[in-house]
Structures are given as C-alpha cells and as structure tokens.
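The values are calculated or read from the model by the stated rules, or taken from the named source; none is laboratory data. Please read all numbers here as calculations on a predicted model, not as lab measurements. Ideal geometry is used to build each Cβ from the backbone, glycine not excepted, and the neighbour counts take in all protein chains shown. With ligands, DNA and RNA removed, areas are computed over all heavy atoms of the protein, side chains included. Shrake-Rupley method; radii C 1.70, N 1.55, O 1.52, S 1.80 Å.
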Amino acid sequence: MSRTIDALVVPLIAAIVTAIIGGRPDLTVRPPSHEVRHYTVTIRDFAFDPDTLRIAVGDSVTWINPDVAPHTVTSSHEKGWDSGPLVEGSASSWVASIRGRIDYACRFHPAMTAVVYVD
Amino acid sequence: MPGLIDIRYAHLALAISEDAAVREFAETMIRDHSAVNDKAMTLLQDLGATPTDNATSKKLNNDAADIRKQLMALEGRAFDKRYAANELAYHRFVNNTVENQFIPDVQNDRFRDLLRSALKTFKVHEKHAERLAEDLEAHEM
C-alpha cells in the first residue's frame, strides 16, 4: 500500500511544484550576446594595417610596431586612447568601451591615419 | 652617418624655433634618426665592421657645418623656413644617394635590408619636410 502511495505521491508533488513555478525550471547558462573578438593592427612601413576596422563594444585591438621608427596610436575621440611612444617590437592594446567612429593617428608622423568603427 | 647630421640640425631647431610644427618635426627627426642609427651601429658591431667616411659623407659633413652657421644667424620665421627648406633638400639628396648609390653597392644582405628599411623612414621624412615647408610658405601669404 505504501509503495502504491509513494508511486502516486511523488509524481503528484512534482506536478504541484511544476504548476507553482510555471513549468520546468531553466538551469542552462546563457551565452553572452556576442563573442568577444581580438584584433591585431600592425604598424608597418609607416602605415596601420589594416587601416579600417569594424568591431563591437567589448572587443579588443592590439597594435604592434615592427618599424624601426617609434610610433604612437592616438585617437581623436575625447574618450579615446593614446598608446604613448611604441618603439620597435612593442605593442599596445585597447578594449572598446565607446561606440561610434574613432579616428586615430600617429602623433609623430601625421600622414599615418586610420579609423575604428565600434558598433 | 647622415642621421647624425640631421639630428644636429634638429637640436638647432629645438634651440631656436618657437613654431610648434617645426619643433614637432625636429623631435621626430631626433627620435627616428636615433633609432635608425642605433640599429645600424648594432648591426655593424655584429658584422665586425666600422663605419668610415667616403667622398659623399665628407661633402655632407662640410656642407652641414656651413648650413649650421647660416641657420644660427637666423631667428623667427626666417629660421623656420630656412630649416624646413634645408630639411627637404637634405632628405632628397640623401634619399637619392642611398637608393641609387649605397644600396646597389652594399655587399652584405643584412646591411642592404637595413638601408632599405631606413630609406622608407627617410622618404617619409622628405614628405613631412615638404608639407612643413609648404605650410610655412602658405602662412606667409
């Protein structure tokens, strides 16, 4: 008899609990809204390569300078960034925290310009 | 080394000029030529070689001494324009010499690669000097 009751009670309790909480509880971990990406810009022969990037907030960009001449990566945006002097072999990174078009250049060599679009 | 001559011109500009664009140009010359010279000297040490003067470098050094005297006699806009004009002429001469005389004559591959890399830097300087000279002339009009 008790075994029969158990066989009935357990599913009954489960049904009541399910009814109270409105269905089977969702215990899965949701993935982030987008996969964070990492980009590299090479400063080679007095040019940024690539000179145009389109990224998302949260993505990161790393500038690497293999040129003999020191360069900077300096944005014109008020909330942008300035890498400071990057000597040969050094690098600087930035994590996108603002949206929009961000122009940047090398402070030492004014003809070196590039742009990052952050969505 | 041609870079040493330009570094001395740049120090003169920093001592005399009050123009922001001229001073920034001069600082870039010091920064870039120092980097190229350091790399060249390191390579020469690796190769066990010693830089020696030739007819071209002797002429450059003699001319540079005269030009420094002329520059030191100037001030203000006159200095700025003369400095920019000299930088343009100097880089054109050096670039032509490096590209058409030094690089073809060099036997060592590593040194030739360094000269090719340095030439890219000097050509950027030439364009920068050209824009600087044009801007200084335009502000006079």
Quick calc: nm separation of the 7 Å Cα→Cβ label points for residue A:78 and residue B:46 -> 4.8
In short, the range B:34-70 residues buried by 30 Å² or more of accessible area relative to the isolated chain (1.4 Å probe) are B:35, B:39
Once all protein chains are kept in place, residue B:8 shows an accessible area at probe 1.4 Å, nearest 10 Å², of 130
Extend 7 Å from the Cα of residue A:35 along its Cα-to-C-beta direction; within the range A:85-116, residues with backbone N under 15 Å of that point are none
From the Cα centre of the range B:62-141 to that of the range B:1-41, the distance in Å is 11
Losing no less than 10 Å² of accessible area (probe 1.4 Å) relative to the isolated chain, the residues of the range A:104-119 are A:108, A:109, A:110, A:111
Kirkwood calc, chain B, C-alpha pairs only, radius in angstrom 15.7
The answer for chain B, accessible area per residue at 1.4 Å probe in Å², is 55
Rounded to a whole %, the carbon-and-sulfur portion of the accessible area of the range B:19-141 at a 1.4 Å probe is 50
Among GluC sites (Glu not before Pro) in the range B:76-141, those in a DSSP loop whose Cβ has at most 15 other Cβ atoms within 10 Å are B:140
Between chains B and A, total accessible area buried, probe 1.4 Å, no ligands or nucleic acids, nearest 100 Å², roughly 1000
Note on the range A:40-89: residues buried by at least 40 Å² of accessible area once partner chains are added (vs chain on its own, 1.4 Å probe) come out as A:45, A:46, A:68, A:70
